Amino acid sequence: MSVNQLLPFISTAIMLGFTVWVLQRYAVRRAPPFLFWGIGLAMFASGSFAEAYLSLAWNQWVFFVWYLFGAALNAAWIGHGTLNLLFRRPWVTVVTAVLVIGSLFAGYLMLKAMPTLNTSVFTTSKPVSEQYGTKVVPPGETAPAGTQTATVTYRGQEVTVIPGLLPLGSPVRLMTPFFNIYGLITLVGGAIWSAYLFWRKRVLPNRVIGNVLIAAGALSIGSASALTRFGYGELLYLGELLAAILMFAGFRLAARPQPQEAAQPAVASAD
Amino acid sequence: MGTQTPQQSKSHAPKDSILFEKVVPVALIVMGVLTVLLILFAAAVLLGFIHF
């Protein structure tokens, strides 16, 4: 087993510990943000484990877990926890309903995509994040040397593609950016905003640094994921490990009780 | 002895700290810019400007 194959297993172990820690806090405090964070982190952990598994062998249901929880939903659910903390208003309940229904619908679309998986392209020599999508080769351009291509009919036109596990135009793939944009705005934006509020007031330095670490962790996985699309897939596992370490450290630091401090949320409230 | 106000009861960022005066604001700005770039990237994928 190479170091790159070992990294997602380490990330999984850290994320599992992180998930248990957050859900324990939910069990004690019954505060909704901890529940959403816990669900999102559990998705992150299962996605990370699925990725580790898929670096060793193929299993279509492990791929189901990897795509749905690891690639599509986890950031949105973690970020929704932050939204619940920042805004305690009725409209947040509506957003919760949209997130739940959207997640169930994404699961349904993923189930529908399962019989169409092109498993012949799968290899353990590349991260699954480099293999899941079917990529269009734009007219006039050529695929990288040694890459297998195919011609398919898409929206009435013949296009050259680099085949991936999910066929071109899979509806579940079209939904994924919505979840990830929402997750990016709420998780990273929420952490940056909280850090800024505490920093501006010059109070609770642990929460300033904690939120900076949370934002940095979320950005490290987001950036590594984007770089994968540009052919730097070897950085993904490292980005995931960094994300797990930074976010866990950030949450723990932000939640650390301060001397004479009343129980307060770990990020600033906008109410 | 005066009564402690809620503000006084909280810990404060150390004065003249390079971490809090320089590193944190720069980190927040850089991360904010990176976040916007990633959102634009995701939006470009969503709108079909970038094919993956």
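FYI, it's all coordinate maths here, none of it is from the lab. Keep in mind the model is a prediction, meaning the values are calculated, not measured. Methodologically, a virtual Cβ is constructed for each residue, glycine included, from the backbone with ideal geometry; neighbour enumeration extends over all protein chains shown.
Observations, loosely collected:
- Per residue of chain A, the DSSP helices (runs of n ≥ 4 H) give a summed -39500 (n - 2.57) that works out to -20000 deg cm²/dmol at 222 nm.
- All distinct Cα pairs of the range A:123-271 go into the 1/r average, and the inverse of that average, the Kirkwood radius, is 18.1 Å.
- Mean separation of Cα contacts under 8 Å (6+ apart) over length of chain A, as relative contact order %: 21 percent
- Peptide-level mean, for A:168-175, of C-beta atoms on other protein chains within 10 Å: 1
- Rounded to the nearest 10 degrees, the angle from helix A:205-229 to the longest Cα principal axis of chain A is 0 degrees.
- The ellipsoid that matches the Cα gyration tensor of the range A:1-63 has semi-axes, each √(5λ) in whole angstrom, of 27, 12, 6, with the longest given first.
- Restricting attention to the protein assembly as shown, close to 90% of DSSP beta bridges with both partner residues there are antiparallel.
- Shielding of B:23-33 by partner chains, average beta-carbon count, 10 Å: 5
- Helix axis angle, A:74-86 relative to chain A longest principal axis, alpha carbon, degrees: 20 degrees
- Using C-alpha pairs below 8 Å separated by at least 6 residues, the relative contact order for the range A:112-184 is 37 percent.
- Note on the range A:36-139: Rg/Rh from Cα positions, Kirkwood definition for Rh, rounded to two decimals, is 1.06.
- The range A:89-113 and the range B:31-50 have Cα centres spaced 22 Å apart.
- Taking the range A:170-229 and dividing mean pair separation by its residue count, relative contact order in percent (alpha carbons under 8 Å, at least six apart): 32 percent
- Packing-based exposure ordering (other Cβ within 10 Å, fewest first) of A:51, A:240: A:51, A:240
- Of the residues B:40, A:236, the one with the fewest other Cβ atoms within 10 Å heads the list, and the complete ranking is B:40, A:236.
- The angle between the Cα long axis of helix A:3-29 and the longest principal axis of the Cα atoms of chain A comes to about 40 degrees, rounded to the nearest 10.
- Here the Debye sum runs over all C-alpha atoms of chain A as equal scatterers in vacuum, and log10 of I(q)/I(0) at q = 0.08, 0.12, 0.17 Å⁻¹ comes out as -0.35, -0.75, -1.32.
- Taking other C-beta atoms within 10 Å as the exposure proxy, A:37, A:193, A:21 rank A:21, A:193, A:37 from fewest upward.
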